[in-house]
Amino acid sequence: MCGIVGYIGCSEAAPVLLKGLKNLEYRGYDSVGMATVSDSLKVFRGVGKIEKATENLDLRTLQGRVGIGHTRWATHGDVSEKNAHPHLDCKKRIAIVHNGIIENYKDLRDRLVEKGHEFKSNTDSEVIAHLIEDNMDDAMSFEEACITSFKELDGSYAVLAVLRDDQKIVAARKDSPLVIGLGEGELYFASDVSALIEWTKDVVYLQNHDVVVATAEGDMSFYNLIEEQEVKRRRDTVGWDAEQARKGEFEHFMLKEISEQAETVSRAILQDDEVIERIIDEVRRAKGVFFVGCGSSYHACLAGSYLFSKVAGVHVNLVLASEFENYEHFLTDETLVFAVSQSGETADVLDAVKAAKRRGSKVIAVTNVVGSSLMRAGDMMLLMNSGPEICVLSTKTYTSQVVLMAFLAYALAGKRDDCTKSIRNLYMDIFNLTSKTMREHLKGLAALLVSSEHIFMIGRGLQYATALEAALKVKEVSYIHTEAFAGGELKHGPLALIERGTPVFIFVGRNNREKVLSNAHEVKARGGVLIGISEQDEEPFDMWIKVPECGNFNPIIQAIPMQVLAYELAVQRGLDPDKPRNLAKCVTVL
Ligand code: F6R
């Protein structure tokens with residue numbers, strides 16, 4: 001989704017904003033803009049990725065030690081300069097940047113147009129600037145006008161607002177993330193901490209409905225729109241460091257993050273014993289357990305639901321977060337909901353959590369981001385401990401999610417030590433799967449597949465979850481149409497898609513080898529080209545990716561070469577694997 005940054009302090013704002021925006025570009029990237037405050041309001045807007053949009057920008061034209069910036073991922077209004085943020089009021093005194101969606105913008109806009117306001121863009125966000133202006137016309141101060149305006153907004157927002165003649169930033173959040181970095185006499189604002197950890201690790205996470213007024217002296221006062229009073233907010237320290245959010249020697253974040261998995265998988269099991277015990281007690285006590293997530297997180301939930309069943313004999317209802325409302329009537333105060341989200345900001349997941357809370361159900365937040373909305377909304381939480389994931393695609397956080405699910409399943413079965421041992425044993429296997437030799441092998445395979453129009457993937461049981469995840473990785477980064485099917489479903493329809501030369505990946509686990517190989521033969525008989533992912537080369541395979549057999553931990557081991565393959569396909573097709581078209585890391589709209 002969109003990303004916002006702000007700076008107020010003793011340095012020029014524009015270079016800080018530009019750096020912050022580059023750090024946030026993974027959230028959305030169809031246009032970019034900045035506004036700084038000096039003797040006048042200086043504004044820049046450009047279309048495209050930041051590098052391109054700002055290539056001719058002279059930062060000296062954006063003077064001022066107060067500034068706000070925005071990287072956009074279009075929701076309302078097409079991708080154009082006029083729709084890029086910041087948005088201004090009629091008199092060009094107020095500039096705002098906004099992440100989220102203003103649901104009542106049409107009503108507000110109609111009312112303001114009637115009063116003579118002129119709108120320049122097709123966005124929902126512009127209404128905020130005019131609303132503040134309108135309230136200031138009613139003799140309110142800038143801060144009062146902001147507070148009054150924010151109270152009128154329905155929907156979600158993280159907003160930064162500046163005024164031409166004022167060395168201040170007014171910020172607010174509701175259901176969209178916003179964090180403040182505390183420097184020496186300077187303050188940084190950003191949609192997430194990865195944008196500002198190169199300047200400071202001391203932060204304040206704004207809570208829902210908070211408004212903050214920040215001055216050039218580094219002072220801040222907090223006001224909560226619901227409590228209707230000044231509030232105090234705690235200072236936190238971020239556990240991540242700036243190095244983790246840099247590419248280092250890697251060409252892309254995707255490859256860096258894939259390569260970190262020997263470490264991140266081991267880190268995922270470093271959990272507080274007491275917390276695990278409490279969660280397990282909750283699972284045992286619950287009358288109904290739900291796993292809820294989107295995209296890759298949902299696939300991790302699927303693997304998790306099989307593991308809960310196989311290892312612990314516990315039944316779990318698996319639901320896509322965006323479909324969760326259809327099950328709301330099953331929820332009671334005895335239901336336990338695991339909400340799984342890397343970012344902890346996915347709107348569909350947060351919406352599901354709200355539904356669970358309405359029914360009095362308990363929520364376990366499983367996330368990678370400390371201070372995220374999900375973490376705050378959960379009754380208990382489990383952290384993935386993966387470090388910042390910058391590439392839009394989930395790689396290391398997917399495997400960490402699967403590890404966490406496996407860890408809980410084993411703990412429920414009283415076999416936590418077995419899980420710890422197995423995860424430790426994966427270290428060398430993961431190291432080998434992310435080695436240069438493996439990458440070269442997969443580069444060769446990618447070269448054979450690079451012009452494919454369709455790719456299919458099949459697996460059974462835990463390998464079905466991996467097939468779904470692998471297909472998502474390949475399609476979203478290479479734009480090759482890739483679909484996954486449960487092996488047993490092939491004959492119920494998908495087999496019709498197989499033609500001579502159609503590439504089909506077969507994920508084999510020792511426990512269902514015969515069955516999935518019989519599916520492989522069905523494909524082979526129709527001319528499909530088979531690529532096996534398994535411990536041994538099998539008779540029908542045309543090509544083979546060798547992976548060790550790891551039983552219940554196959555979803556981790558088998559996903560990794562597919563992440564590398566997806567990466568190689570994107571690179572060979574001349575695409576940027578870190579920023580696939582139309583996608584954003586953090587999906588904060590429903
Ligand atoms: C795929 C991918 C997405 C996310 C999904 C949920 O590579 O990254 O499918 O998994 O948008 O995101 P989180 O886990 O942040 O809720």
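The values are calculated or read from the model by the stated rules, or taken from the named source; none is laboratory data. Predicted model, so just to flag it, every value in this text is computed and none were measured. Backbone-built Cβ (ideal geometry, glycine too); neighbour counts: all protein chains shown.
Looking at the structure I just gave you, is Val508 touching a Ser or Thr at 6+ places or on another chain (Cβ under 6 Å), more than 30 Å from Arg267 (Cβ to Cβ) and buried (at least 16 other Cβ atoms within 10 Å of the Cβ)?
For Val508, the condition - touching a Ser or Thr at 6+ places or on another chain (Cβ under 6 Å), more than 30 Å from Arg267 (Cβ to Cβ) and buried (at least 16 other Cβ atoms within 10 Å of the Cβ) - is not met.
Tell me, please, whether a residue that is of a type in the set (A, V, I, L, M, F, W, C), assigned to a helix (DSSP H, G or I), within 16 Å of the ligand (Cβ to nearest atom) and touching a Cys at 6+ places or on another chain (Cβ under 9 Å) can be found in segment 316-337.
yes
Across segment 309-335, what is the total count of residues that are touching a residue at least 24 places away in the same chain (Cβ under 8 Å), among the hydroxyl-bearing types (Ser, Thr, Tyr) and under 30 Å from Cys419 (Cα atoms)?
Within segment 309-335, residues that are touching a residue at least 24 places away in the same chain (Cβ under 8 Å), among the hydroxyl-bearing types (Ser, Thr, Tyr) and under 30 Å from Cys419 (Cα atoms) number 1.
I'm trying to understand the selection: among the residues of segment 449-463, which are within 14 Å of Val474 (Cα to Cα) and not in a strand (DSSP E or B)?
Within segment 449-463, Leu449, Val450, Ser451, Ser452, Glu453 qualify.
Among (1) in contact (Cβ under 8 Å) with a residue 60 or more places away in the chain; (2) within 16 Å of the ligand (Cβ to nearest atom), there is one condition Ala471 misses while meeting the rest; what is its number?
Going through the list (1) in contact (Cβ under 8 Å) with a residue 60 or more places away in the chain; (2) within 16 Å of the ligand (Cβ to nearest atom), Ala471 breaks only (1).
Step by step: first the residues of segment 414-448, then only those that are surrounded by 15 or more Cβ atoms within 10 Å (Cβ to Cβ) and β-branched (Val, Ile, Thr), then the one that is farthest from Val474 (Cα to Cα). Which residue is that?
Thr420
Just to be sure, is Asp273 over 21 Å from the mean Cα position of the chain (by Cα), at pLDDT 95 or above and surrounded by fewer than 21 Cβ atoms within 10 Å (Cβ to Cβ)?
no
State whether one or more residues within segment 100-123 are in the same structural domain as Val37 (by TED's automatic domain parsing), more than 31 Å from the chain's Cα centre (by Cα) and touching a residue at least 40 places away in the same chain (Cβ under 8 Å).
No, segment 100-123 contains no residue that is in the same structural domain as Val37 (by TED's automatic domain parsing), more than 31 Å from the chain's Cα centre (by Cα) and touching a residue at least 40 places away in the same chain (Cβ under 8 Å).
Taking the residues in segment 16-57 that are of a type in the set (Phe, Trp, Tyr) and outside any helix (DSSP H, G or I) as candidates, determine which candidate is nearest to Cys2 (Cα to Cα). Spell out how you get there, then give the answer.
Filtering segment 16-57 for residues of a type in the set (Phe, Trp, Tyr) gives 26, 29, 44.
The next check asks that each one be outside any helix (DSSP H, G or I); those that pass are 29, 44.
Values: Tyr29: 8, Phe44: 17 Å.
Filtering first and then ranking leaves Tyr29.
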